[in-house]
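A short write-up of the structure that comes next.
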Amino acid sequence: MPRYLVHRAIGDVSDAELEAAAERSRRTREESFPQITWEHSHVVRTEHGLTSYCVYGAPDEQAVRDHAVAAGLPVDGMQVIERDLHP
């Protein structure tokens, strides 16, 4: 199954708001998008607030975008992961 790196510009949100968004994403995926797997996310702080980089497995890019819309999450960029490298 293809894997995708999703870039989300989240902005200035509290830890509670970030956790609520993650829970909404998880619940939406389980209820409506069981074909998608959420592997993990990295959250970084930039000059514009928080940004996340999320790794998903999905049959296609549109499934990831549809999940984001349903969960109320932004998608500011998406790339297919070509491969992983490990130390």
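The values are calculated or read from the model by the stated rules, or taken from the named source; none is laboratory data. It should be emphasised that the depicted structure is a prediction, and the values quoted were computed from it without experimental measurement. All Cβ positions, even for glycine, are placed from backbone atoms using ideal geometry, and neighbour counts span all protein chains on display.
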Which one is farthest from residue 4 (Cα to Cα) among residues in segment 38-47 that are loosely packed, with under 14 Cβ neighbours inside 10 Å and under 10 Å from the mean Cα position of the chain (by Cα)?
42
Conditions: (1) in contact (Cβ under 8 Å) with a residue 40 or more places away in the chain; (2) assigned to a strand (DSSP E or B); (3) of a type in the set (A, V, I, L, M). Residue 44 meets all but one. Number of the miss?
(1)
Scan segment 9-42 residue by residue and report those that are hydrophobic (A, V, I, L, M, F, W, C) and closer than 19 Å to residue 67 by Cα.
9, 10, 18, 20, 21, 22, 33, 36, 38
The residue that is nearest to residue 10 (Cα to Cα), considering only those in segment 47-66 that are among the aliphatic types (A, V, I, L, M) and part of a helix (DSSP H, G or I), is 64
Which residue is farthest from residue 72 (Cα to Cα), if the candidates are limited to segment 1-30 and must be within 12 Å of the chain's Cα centre (by Cα) and not in a helix (DSSP H, G or I)?
3
Return yes or no: is residue 32 under 11 Å from residue 55 (Cβ atoms) and at pLDDT 95 or above?
no
Looking at residue 28 and the list (1) loosely packed, with under 13 Cβ neighbours inside 10 Å; (2) touching a helix residue (DSSP H, G or I) at 6+ places or on another chain (Cβ under 9 Å), which single condition is not satisfied?
(1)
Per the list (1) in contact with a helix residue (DSSP H, G or I) (Cβ under 7 Å, 6 or more places away or on another chain); (2) modelled with pLDDT under 95; (3) not aromatic (Phe, Trp, Tyr), residue check on residue 15 breaks on (1)
Does any residue of segment 67-75 turn out to be more than 17 Å from residue 5 (Cβ to Cβ) and assigned to a loop (DSSP other than H, G, I, E, B)?
yes
